[in-house]
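Undergrad: I have a structure I would like to understand better, so I am pasting it below and will then ask my questions one at a time.
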């Protein structure tokens, strides 16, 4: 267990060193009446939000569209254990079933499997990690790590809570919104 905790701390240090989490992202900017805080510039290859998807808050857009990271241990779904389905907050596409969620103690919701065809994997801009994206809209979800030994599947999808919306078992998930995928040329 100490080895896994050490690995998790090391991975968080790598994320911070890689610039995924900046000081501006970890501290809320002071609010001034009538003044909107600036939104991070998009990374190369991303397109700004189109009006056809669900309306997002500034923080949700920073993560889903501009590939940001929410602070560890603050997400609303980090510790949730209810039965249900996690869907993309941007387009409603089902991503993960709750029975694939597990405790990794990394500070973000962790899953060892996605719903078939729901998640795209690609090399992150840092050249080391594997980014995970909604396969329907291209929204940034987080990163996937292989070989850590947390589960029999040996896979950990580390997902930002703000990238998802949780629907308890028995609650209907809204229809998936189809549109232009982020980063599509």
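A short reminder: the numbers here are calculations on the coordinates, not readings from a lab. The model shown is predicted, which means the values in this text are computed figures rather than measured ones. Neighbour counts are summed over all protein chains in view; Cβ atoms, including those assigned to glycine, are modelled from backbone coordinates with ideal geometry.
Undergrad: Given the C-alpha centroids of the stretch 94-115 and the stretch 118-174, what is the distance between them in whole angstrom?
TA: If you average the Cα positions of each part, the centres end up 8 Å apart.
Undergrad: So, one more: Take the Cβ-Cβ distance between residue 71 and residue 120 as r, set R0 to 25 Å, and report the resulting FRET efficiency rounded to the nearest 0.05.
TA: 0.50
Undergrad: So what is the relative contact order for the stretch 60-162, in percent, with contacts set as C-alpha pairs under 8 Å and at least six apart?
TA: Answer for the stretch 60-162 is 28 percent.
Undergrad: Could you give the nm distance between label points at residue 154 and residue 103, where each point is 7 Å from its Cα heading toward the beta carbon?
TA: According to this spin-label approximation, the distance is 2.5 nm.
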